[in-house]
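Enquirer: Can you keep this structure in mind? I'll have questions shortly.
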Amino acid sequence: MKEISRILLTAAVLVFCLAGCRVIKVEEGNKQDLEYEVVQEEALPREIKELIQQKKENEFQMVYQNEEFLYLIKGYGRQMTGGYSIRIEELSVSETAVFFSTRLMGPSQEEKKSSEPSYPYIVVKISYREEPVQFQ
């Protein structure tokens, strides 16, 4: 049963990705800041947790949507130590796109002593929007 669920989830993601393929001219123009919420791991929908688990080894970026919200997800892949943080540089919207920019911040010298690898990522929730998302 678990295998069937995994296959259906993979098929749904593939269909979603292929259905969204189109050419869009993105112009920055006048941008406005967007209100957002950084979502903690325990508050994430199960589907997002599964996708992050699948992709966490390498750098990734994706958008997950439901009826009310868009979840903007940026992961930085495997890091050799813990202690990393992620800073949101920009989250804004123009007439043609949503712009999302983040920066990975390294650990302090004290935090580098941890020998366990980490997989830093951030999930940001915004109100549902029609514009495509540009990760920068």
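Enquirer: Could you list, in sequence order, all residues of the stretch 72-95 that are β-branched (Val, Ile, Thr) and modelled with pLDDT of 95 or more? If you could, list the steps in order and put the result at the bottom.
Expert: First pass over the stretch 72-95, keeping only residues β-branched (Val, Ile, Thr): 73, 81, 86, 88, 93.
Scanning the stretch 72-95 gives Ile73, Ile86, Ile88, Val93.
Enquirer: Within the set of pairs 6 or more residues apart or between chains, which connect a residue that is in a loop (DSSP other than H, G, I, E, B) inside the stretch 32-43 to a residue that is basic (Lys, Arg) and modelled with pLDDT of 95 or more with Cβ atoms less than 7 Å apart?
Expert: So the pair list comes out as Tyr36/Lys125; Val39/Lys125.
Enquirer: For the stretch 82-96: of the residues being of a type in the set (Val, Ile, Thr) and touching a residue at least 60 places away in the same chain (Cβ under 8 Å), which is farthest from Glu130 (Cα to Cα)? Lay out the reasoning, then the answer.
Expert: Within the stretch 82-96, the subset of a type in the set (Val, Ile, Thr) is 86, 88, 93, 96.
Those still in the list that are touching a residue at least 60 places away in the same chain (Cβ under 8 Å) too: 93, 96.
Numbers: Val93: 11, Thr96: 9 Å.
Among them, the one singled out is Val93.
Enquirer: Regarding the stretch 24-46, can at least one residue be identified that is under 16 Å from the mean Cα position of the chain (by Cα), within 19 Å of Ser127 (Cα to Cα), surrounded by 13 or more Cβ atoms within 10 Å (Cβ to Cβ) and among the basic types (Lys, Arg)?
Expert: Looking for residues that are under 16 Å from the mean Cα position of the chain (by Cα), within 19 Å of Ser127 (Cα to Cα), surrounded by 13 or more Cβ atoms within 10 Å (Cβ to Cβ) and among the basic types (Lys, Arg), one finds none in the stretch 24-46, hence no.
Enquirer: Looking at this structure, is Thr10 at pLDDT below 95, in a loop (DSSP other than H, G, I, E, B) and surrounded by 10 or more Cβ atoms within 10 Å (Cβ to Cβ)? Explain how you work it out, then say what you get.
Expert: Numbers: at pLDDT below 95: yes; in a loop (DSSP other than H, G, I, E, B): no; surrounded by 10 or more Cβ atoms within 10 Å (Cβ to Cβ): yes.
In short, no.
Enquirer: From the list Met105, Met62, exactly one residue is without any contact (Cβ under 8 Å) to a residue 12 or more places away in the chain and within 24 Å of Leu34 (Cβ to Cβ). Which is it? Before you say what the answer is, go through the steps one by one.
Expert: Details: Met105 fails: without any contact (Cβ under 8 Å) to a residue 12 or more places away in the chain.
Met62 is the lone residue from the list that is without any contact (Cβ under 8 Å) to a residue 12 or more places away in the chain and within 24 Å of Leu34 (Cβ to Cβ).
Enquirer: Can you give me the number of residues within the stretch 47-80 that are exposed (fewer than 12 other Cβ atoms within 10 Å of the Cβ) and aromatic (Phe, Trp, Tyr)?
Expert: 0
Enquirer: Checking the condition within 18 Å of Val133 (Cα to Cα) and at pLDDT below 95, which residue from Phe60, Phe100, Phe16, Phe69 passes? Give the derivation first.
Expert: Values: Phe60 fails: at pLDDT below 95; Phe100 fails: at pLDDT below 95; Phe69 fails: at pLDDT below 95.
On inspection, the qualifying residue turns out to be Phe16.
Enquirer: Whether any residue in the stretch 60-76 is farther than 30 Å from Asn30 by Cβ and over 15 Å from the mean Cα position of the chain (by Cα) is what I want to check.
Expert: no
The values are calculated or read from the model by the stated rules, or taken from the named source; none is laboratory data. What you are looking at is a predicted structure, and each value in this text was computed from that prediction instead of being measured. Cβ coordinates were reconstructed from backbone atoms using ideal geometry, including for glycine residues, and neighbour counts include every protein chain displayed.
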